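Before any comments, here is the structure.
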Amino acid sequence: METLGPQIIFWAFAALMLGSAFIVVHGKNLVRSAFSLLATFFSAAVFYVMLGADFLAGVQLLVYVGGILTLLVFGVMLTNRIYNLNLETQTFQVLPGALVSLAVFVILTTVVVRTPWSQSALIEDGPTTPIIGRALMTEYVLPFEIASVLLLVALLGAAMLVRRRTDL
Amino acid sequence: MISLEHYLIVAAALFSLGLYGVLTRKNAINVLMSIELIFNSANINLIAFSRFVSGDTEGQVFALFVIVIAACEAAVALAIIMSLYRILKDVSLDEASVLKG
């Protein structure tokens, strides 16, 4: 009976995540889609906490909610004319798209259920930040540096792309 | 008890919703949001495998790199959408059918 609490949290946030994701992909209003995305990212962060990834949950909230979502809202606001207040968006190929994604879901679920996963003993929960930090500075130092350079190049390239043509 | 399969099935549902958004949305920013959903489902899978199968934090490091790539992708894609909007005055993907600016 003591495992009921995590189950309730899991199913509640799974429902929140999938419901808000559905609004993101099917809602008519762009701003509402952007704010539903916030609920999706937050539920994903809750999942990370339940999986013992506390550092990743913090990064998820900081980078996705604080960074990417803000960028997306800026994008929504800047690419719609101000007088176009309803900010509606359109869909096309709804039926084929729904069929394809439903088929993908059925295939993935079948694979997940039928595969005998070799599960190891569960690790005990603890702070993961020192472990991840040590791994990034020793074993994964080359990918870490490449990711830093990639971030720098991507942000410079983004600034370059949105620059006005007359500056050239 | 919540097992690995529960997380994988929820992530598969999230992936399918993101795929549906990519396939059906007309607005470029909305397609970008759907791609973020797909990134998140992949991250949930990575962390779930890291906890239930390998039992260490290696998958979390990979998820961290996925988040970095997602940030780069969002910045560059929004920059492209901005310059597209400056040229076409629209972000509908149907309008963006020629490479010449």
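The values are calculated or read from the model by the stated rules, or taken from the named source; none is laboratory data. Since we're looking at a predicted model, the values are computed, not measured. Every residue, glycine as well, gets a Cβ built from its backbone with ideal geometry; the counts of neighbours run over all protein chains shown. Protein only, heavy atoms only, side chains kept; ligands, DNA and RNA dropped before computing areas. Shrake-Rupley method; radii C 1.70, N 1.55, O 1.52, S 1.80 Å.
Within region B:51-67, identify whether any single residue is closer than 17 Å to A:Leu72 by Cβ, surrounded by fewer than 23 Cβ atoms within 10 Å (Cβ to Cβ) and facing another protein chain (nearest Cβ under 7 Å), and answer yes or no. Checked region B:51-67: at least one residue is closer than 17 Å to A:Leu72 by Cβ, surrounded by fewer than 23 Cβ atoms within 10 Å (Cβ to Cβ) and facing another protein chain (nearest Cβ under 7 Å). Right, A:Ala121: within 8 Å of chain B (Cβ to nearest Cβ) and either modelled with pLDDT of 90 or more or open to solvent by less than 30 Å² (accessible area, probe 1.4 Å) (or both) or not? Criteria not met by A:Ala121. I'm checking my understanding of the structure. Among residues of region A:2-25 that are facing another protein chain (nearest Cβ under 8 Å) and touching a residue at least 24 places away in the same chain (Cβ under 8 Å), which one is surrounded by the fewest Cβ atoms within 10 Å (Cβ to Cβ)? This residue is A:Pro6. Among the criteria (1) at pLDDT below 90; (2) more than 7 Å from every other protein chain (Cβ to nearest Cβ), the one B:Leu46 does not fulfil is (1). Residues in region A:28-47 that are of a type outside the set (S, T, N, Q), touching a residue at least 12 places away in the same chain (Cβ under 8 Å), closer than 15 Å to B:Leu37 by Cα and out of contact with any Phe, Trp or Tyr (no Cβ under 7 Å at 6 or more places or on another chain): A:Ala34, A:Leu37, A:Leu38, A:Ala39, A:Phe42, A:Ala44, A:Ala45. Here the condition is being within 25 Å of A:Ser36 (Cα to Cα) and either touching a His at 6+ places or on another chain (Cβ under 8 Å) or not in a helix (DSSP H, G or I) (or both); of B:Asp56, B:Asp90, it holds for B:Asp90 alone. Just so you know, in region A:55-92 the residues that are touching a helix residue (DSSP H, G or I) at 6+ places or on another chain (Cβ under 7 Å), at pLDDT 90 or above and more than 9 Å from every other protein chain (Cβ to nearest Cβ) include one that is nearest to A:Ala39 (Cα to Cα), and it is A:Leu61.
For region A:30-49, residues that are open to solvent by 50 Å² or more (accessible area, probe 1.4 Å) and under 22 Å from B:Gln60 (Cα atoms) total 3. Cβ-Cβ contacts under 9 Å between residues 6 or more apart (or on different chains), taken from a first residue in region A:146-168 that is open to solvent by 100 Å² or more (accessible area, probe 1.4 Å) to a second residue that is at pLDDT 90 or above, are listed as A:Met160/B:Ala79. Checking B:Leu32, B:Leu23, B:Leu17 one by one, the residue that is open to solvent by 50 Å² or more (accessible area, probe 1.4 Å), at the interface with chain A (Cβ under 7 Å from one of its Cβ atoms) and part of a helix (DSSP H, G or I) is B:Leu23 and no other.
Taken over region B:32-58, the criterion of being of a type in the set (Val, Ile, Thr) and under 9 Å from the mean Cα position of the chain (by Cα) is satisfied by B:Ile35, B:Ile38.
When restricted to residues that are assigned to a helix (DSSP H, G or I) and within 8 Å of chain B (Cβ to nearest Cβ), region A:124-152 contains 8.
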